[in-house]
Every structure is written in C-alpha cells, then in structure tokens.
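The values are calculated or read from the model by the stated rules, or taken from the named source; none is laboratory data. What you see is a predicted model; the values in this text were computed from it and never measured. With ideal geometry, Cβ positions are generated from the backbone for all residues, glycine too; neighbour counts draw on all protein chains shown. Calculation scope for accessible area: heavy atoms of the full protein, side chains included, ligands and nucleic acids excluded. Shrake-Rupley method; radii C 1.70, N 1.55, O 1.52, S 1.80 Å.
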Amino acid sequence: MNLLAGKPTSYSRVTLSRIMTAADVNLYGTVHGGVIMKFVDDAAGAAAARHSGGNAVTAAIDEIVFAAPVRVGDLVHAHAAVNWTGSSSLEVGVRVVAERWDTAGTEPVEVATAYLVFVGIDADGKPRSIPPVLPETPDDERRQREAEIRRKHRLARRDAIAESRTV
C-alpha cells in the first residue's frame, strides 16, 4: 500500500524543445531515430524524476512509434507526462511533434509517440516508493487505463517467456 500523498498529472508534465541540426542526420538525410529516442528518454526521465521526487531510471521502453521523419531545422517538442504509477514504478507517455522550418505558421506534425517505464531509486540504487498519480481529466483517466493494459501485457509476456525457458 502506498502511503505517499498523490500528485496530479499536471505536476509532472514536461516539454523539452530543440532545433535539429546537421549533427543529428542519418544517411537518408533525416534526423536519426536514435536522436529522437534519446530526446524521448530525456523528456520522460524529467517527468519521472519530477513526479517521483528524486532519481528515477529507465527500466523499459515499452513502445516507440515513428510516424513522420524529422528534418534538419525542425523545431521539435517532446511532451511527457506520467500515465500510471505502481509502488516503485511508473509509466511515462511521450508525444513528439515537429514545427517544420520551411512552413512556419502551420500546425506541428506528430512525429513519434512512446511509452517508457521508470523505477524510482534511492541513493543506493534500490527501488523506492513513489507517490501515486492522480488523473485530472478524462484524457488522463484514459491514459491511465491504457497504461494498465500495457502493464498487464508486459507482465504476461515476461511470464510467458520465463515459462517457455523451463520447457
């Protein structure tokens, strides 16, 4: 049972932004997926640390979907928020959008979404209790329900793989 006071979803929301440069480009002339993945992890880590009130480490990247390429010059924003909390772990959802440098004034393009699992850790690197997240809106409640589904799937997959190794 978690005795820590809960924190509203809005408490941990984080947006990181950066302009993509030539140093971020892959062989195809677009921004390397690994650059976006690190950016996602940075934003999610900031939200996890803010919510948990201390160190939180990436335990898993549950899913990342690349929807559109990012180009040099694009202003990219990673929006992260805590979707779900357990006793020491939490799921953070990240939505990445790009403002195209050559089409100013248009709507940002969604370029990626991701779900990451973090574990709050103490000074010795051991798991520690984290506060529950308190959904504030119907969207927050939906994200929490969907995070619980993803968690059940992660645990079922882990158990199925462990069972297959004993055969």
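Rounded to the nearest 500, the helix-only mean residue ellipticity at 222 nm of the chain stands at -10000 deg cm²/dmol, with each DSSP H run of n ≥ 4 adding -39,500 (n - 2.57). Between GLY120, GLY86, GLY105, the GNM of the chain built on Cα springs shorter than 10 angstrom shows GLY105 fluctuating the most. For the stretch 18-149, the solvent-accessible area works out to 49 Å² per residue, with a probe of 1.4 Å and every protein chain left in place. Amide H contacts for ILE121 (H built 1.01 Å from N in the peptide plane; partners 5 or more residues away or on another chain; cut-off under 5 Å): ASN55, ALA56, VAL57, ARG128. If you take the alpha carbon atoms of the stretch 1-75 and fit the smallest convex hull around them, that volume is 126 Å³ per residue.
Dipole magnitude for the stretch 71-148: about 200 debye, using +1 per Lys or Arg Cβ and -1 per Asp or Glu Cβ, origin at the Cα centre. Positive end of the dipole of the stretch 39-167 (Cβ unit charges, origin at the Cα centre): among HIS153, GLY120, ASN55, the Cα lying farthest that way belongs to HIS153. Surface composition of the chain: carbon plus sulfur atoms hold 56% of the accessible area, using a 1.4 angstrom probe and ignoring ligands, DNA and RNA. Rounded to the nearest 20, the size of the Cβ-charge dipole of the chain about its Cα centre is 420 debye, with Lys and Arg at +1 and Asp and Glu at -1.
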